[in-house]
Amino acid sequence: MASQKYFVYISLLLCFIFLVSNAVEVTHDGRVIKIDGKRRVLISGSIHYPRSTPQMWPDLIKKAKEGGLHAIETYVFWNAHEPIRREYDFSGNNDLIRFLKTIQDEGLFAVLRIGPYVCAEWNYGGIPVWVHNLPGMEIWTANKVYMDEMQNFTTLIVNMVQKEKLFASQGGPIILSQIENEYGNVEYGNVMFVYGDDGKAYIDWCAKMAESFNIGVPWIMCQQPDAPQPMINTCNGWYCHDFEPNNPNSPKMWTEN
């Protein structure tokens, strides 16, 4: 009996060592993202999983790899996953976990752009209509009703991904995660200007919430000139060659160009 217990302990230890050995450390300096301490120039492309089918994903991702990409990035579509408040859909085209595992199977990295506002030429920017209709709601600002719903969905996604060990720190493919999206600009003006102090408070809150998840990989905020540290602000526009990050310790990156 003692020898059997010893064997079980050794087996568990070996499994733990195996899992840890598969973990990837993702860091950065003022120039590039580092994977296990090695500087990498990473080229990614977008595949939005709800816009295709699970049967299409392996071939799409394989062709992306053959085309020279190192990573696949995708938004997470709130209104697709929570069409009715607290009723969730992660089936079929909405199977985010299956999509991320398909990326991993092809040996590519992933960039998870949670948002949960995504723009993306997607209905209402991905915000469910029922959110708009909640009493006391003011969307996309320091409004408790909105922040409670946004945090609930973001937490749901992070917990799902962590449970499946899909962050690079767990041995998974996700090397970067994004909170919020394009908050620093809208078509006819600047969101931060429109919301003023409440807009700044909201962005600061988003950053603190993201950091509290302790996912083990860097967080990015695209098109956010005053992104709080340690968020990495990235370019999202036509002329990213002129873009400079707001911190000398953040690498120059663009999520869309």
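No lab work stands behind these numbers, since they all come straight from the coordinates. As the structure is a computational prediction, the values presented were derived from the model and not from experiment. Note: ideal-geometry Cβ built from the backbone for every residue, glycine included; neighbour counts use all protein chains shown.
General remarks:
- Mean Cβ count within 10 Å, highest first, over the residues of peptides 73-83, 242-252: 73-83, 242-252
- For Ala23 and Gln229, the FRET efficiency from 1/(1 + (r/R0)^6), where r spans their Cβ atoms and R0 equals 30 Å, is about 0.80.
- Simple spin-label estimate for Lys62 and Phe90 in nanometres, 7 Å along Cα-Cβ: 2.7
- The chain has equivalent-ellipsoid semi-axes of 31, 23, 20 Å, by the square roots of 5 times the alpha carbon gyration tensor eigenvalues, sorted largest first.
- Under 23 Å from Lys63, Cα to Cα: lysines that are on another chain or at least 8 residues apart: Lys101
- Fully extended contour minus Cα-Cα distance, from Lys200 to Asp148, at 0.36 nm per residue: 17.0 nm
- Footprinting exposure proxy for Tyr88, Tyr202, Tyr195 (fewest neighbouring C-beta atoms within 10 Å first): Tyr88, Tyr195, Tyr202
- Around the Cα centre of segment 180-257, unit charges on the Cβ atoms of Lys, Arg, Asp and Glu (plus for the first two, minus for the last two) sum to a dipole of about 220 debye.
- Principal-axis analysis of the Cα atoms of the chain puts helix 144-163 at an angle of about 20° to the longest axis.
- Local electrostatic count, Asn143, Cβ distance below 12 Å [Lys/Arg +1, Asp/Glu -1]: -3
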